[in-house]
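What follows is one structure encoded as structure tokens, with my remarks underneath.
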Amino acid sequence: MTASFAALSPAHALPPPAPTRYWPGRLPTRLTVPQTSVWDNLAVNARRYPDHAALVFFEQIITYRQMEQITERLAAHLHAQGVQRGDRVILLMQNCPQLVLAHYAILRANAVVVPVNPMNTADELAHYITDADARVAITTADLAGTLAKANYQVSQMPGTEPLRHLLVTRFADAMPSQVQQQSGFPQAWAAWLLGEHAFPDASLLPGASVASWQQALQCTEAPPPICVGAADMAILPYTSGTTGKPKGCIHAHSHIQHAVQAGLLWGRQSSESVNLVVAPMFHITGMVSIMHVLIAAAATLVIMPRWDRHLAACLMVRWRVTHWANIPTMVVDLLASPQLAQVDMRSLVYMGGGGAAMPQPVAQRIKDLWGLDYIEGYGMTETCGASHANPYEHPKQQCLGVPHIGMQSKVIDPDTLQELPPGEVGEIVVRGPQVLQGYWKQPGATETSFVRVGGERFFRTGDLGYRDEDGYFFLTDRLKRMINASGYKVWPAEVESLMYRHPAILEACVISAKDPYRGETVKAVVVLRPSHQGQVSEQDIIAWCHEHMAVYKAPRIVQLVDQLPKSGSGKVMWRLLQEKE
């Protein structure tokens, strides 16, 4: 598959969507998309705002000029390792400055970013190496060993090619020396962030070279000429589904550029914005709707590696944070802090997010405490960020919002594919310049994910909802089988396929269970093989799952049963189990 997609429709080829009743008069309904690489957004701001703070990490500041210089060196290093136009490069990190720098360096090298969830285990990571045909990866030292184990698995598979180069950084490469003395630093993180994690054993990386972050920055060669533009693939983020294995979503530079321009206008971001960035930047929301939008705005990113309510409060006060995009569980946790009254939030002008509905009582408390409406939005990996959002001027609670700038959305009957009138529940479908070109190496999945409505090609979200008379969309249920645990999407088929590797499991069916904090959590209903009955417990299976899959996917509840309910054709009736739950 080529990395260039000349068939991508320019923005002006789409008819402008009809504005809703409450469409903000300040906003256009469609955009002219920049024809440049996403990396150019950084390059422009490095010239315009060279000394302005771009990235802040525990008091360590990286300016826009420094960011450009570092990404140029990293791109030169990647080019020296053989990275060419369109090559896929794995990026495996928690939030830190190196994630942002490496992401832009990959784009600067004319290559494609494959962002991977750092919670994945070696068993899961092997798929990203083989499916993306990745030969180079960039990761942090705490994750390098797991990635190396995955690479060794790949090297033992017939007909597959493992990594040929691994670039490893330590968190300390972008942290001040006295970080533990800084206000709010979680001492429980010291071993993780400051520990001297060993580089992986060479035996796990047969034939591959390994370089440290500092070695890469010392590369003296010139980076390659920029030869990619709007139609070239920029990112290949993976999303799961009913088929079990994660699928790569093909997104061109034009997709990101449209999402960026829309986000800048909608979210009122500027060079004076200071954003608390705790939403994971390996995820499409943190990557596009936050990271790429903010770099294009020349804003300041105050980065947290993961959530901690005390640290978040200290950073908001210390840096006078103006914008905070999050998931609802973070807000709930912050509001439960006994030190909440001492947190000065007067600088904050925006709070919002998506991934899960914000409970109405929590949204009301935000309004009462800080005078802010919680601005909810909706999007998918396939839509390169937000496809719907609530206008600042007239938001609605527990609502997806209206279709974003340049996007069109309808509610259809999932069986007849006919558009439904306001108030009737059906499947939400979307189209626009941000929707994926297709699924990587999966033309069949691509074909079934699109449908023609009124003569136009729409992407099927798999979510059920309705549109009100004002043009706002509301989510009611899911057509596809999916669990939403604290904003993380868990696909039961993928979890089941991993569980079948357990020697004691004969059959498994994964469903959602209610959870007071996460909203939903993962439950597995399991039938054991006769040879293992009485020898393996629910806790044994839970422990095994935590070793072999990302923690958010691993079942927290396991129920052993004698048999699973099945249809006349022998299919497991998962919906029946879900309804009982």
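Show me the strands (runs of 3 or more DSSP E) found entirely inside segment 413-513 where at least 3 residues are among the hydrophobic types (A, V, I, L, M, F, W, C) and within 30 Å of Leu560 (Cβ to Cβ). Full working, then the answer.
Details: elements: 426-431, 450-453, 456-467, 473-478, 483-485, 488-490.
Answer list for segment 413-513: none.
Could you grab the pairs with beta carbons closer than 6 Å, sequence gap of 6+ or different chains, first residue in segment 495-512 and crowded, with 16+ Cβ neighbours inside 10 Å, second one polar (S, T, N, Q)?
Matching pairs, first to second residue: Ile511/Gln578.
Has segment 538-558 got any residue that is in a strand (DSSP E or B), more than 31 Å from the chain's Cα centre (by Cα), surrounded by fewer than 18 Cβ atoms within 10 Å (Cβ to Cβ) and in contact (Cβ under 8 Å) with a residue 12 or more places away in the chain?
Step one: filter segment 538-558 for residues in a strand (DSSP E or B), giving 557-558.
Checking the rest, the ones that are also more than 31 Å from the chain's Cα centre (by Cα) come to none.
No, every residue in segment 538-558 fails to be in a strand (DSSP E or B), more than 31 Å from the chain's Cα centre (by Cα), surrounded by fewer than 18 Cβ atoms within 10 Å (Cβ to Cβ) and in contact (Cβ under 8 Å) with a residue 12 or more places away in the chain.
Select from segment 425-463 the residues that are in contact with a helix residue (DSSP H, G or I) (Cβ under 9 Å, 6 or more places away or on another chain) and either among the charged types (D, E, K, R) or loosely packed, with under 15 Cβ neighbours inside 10 Å (or both) and write down the one among them that is nearest to Tyr238 (Cα to Cα). Before the answer, list the steps.
So in segment 425-463, the residues in contact with a helix residue (DSSP H, G or I) (Cβ under 9 Å, 6 or more places away or on another chain) come out as 430, 432-441, 449, 459-461.
So of that shortlist, the ones also either among the charged types (D, E, K, R) or loosely packed, with under 15 Cβ neighbours inside 10 Å (or both) come out as 441, 460.
On the way: Lys441: 12, Arg460: 17 Å.
Applying the filter and picking the extreme gives Lys441.
Contact list please: Cβ distance under 8 Å, first residue in segment 281-308 and free of Cβ contacts under 8 Å to residues at least 60 places away in the same chain and under 18 Å from Met93 (Cα atoms), second residue outside any helix (DSSP H, G or I) and not aliphatic (A, V, I, L, M), pairs at least six apart or on different chains.
Listed by first residue and then by second, the contacts come to Ile290/Asn275.
Need the failing condition index for Gln434 against (1) modelled with pLDDT of 95 or more; (2) under 16 Å from Asp463 (Cβ atoms); (3) of a type in the set (S, T, N, Q), just the number.
It fails just one condition, (2).
Kindly indicate the residue of segment 252-279 that is outside any loop (DSSP other than H, G, I, E, B) and β-branched (Val, Ile, Thr) and also surrounded by the fewest Cβ atoms within 10 Å (Cβ to Cβ) among those meeting that condition.
Once the filter is applied, the top-ranked residue is Val274.
A quick yes/no check of all residues on (1) touching a His at 6+ places or on another chain (Cβ under 8 Å); (2) among the basic types (Lys, Arg); (3) at negative phi:
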site	(1), (2), (3)
Gly207	no, no, no
Val274	yes, no, yes
Val277	no, no, yes
Val288	no, no, yes
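The values are calculated or read from the model by the stated rules, or taken from the named source; none is laboratory data. The shown structure was predicted, so the numbers you read here are calculated from the model rather than taken from an experiment. Counting neighbours? That spans all protein chains shown, and the Cβs are built from the backbone with ideal geometry, glycine included.
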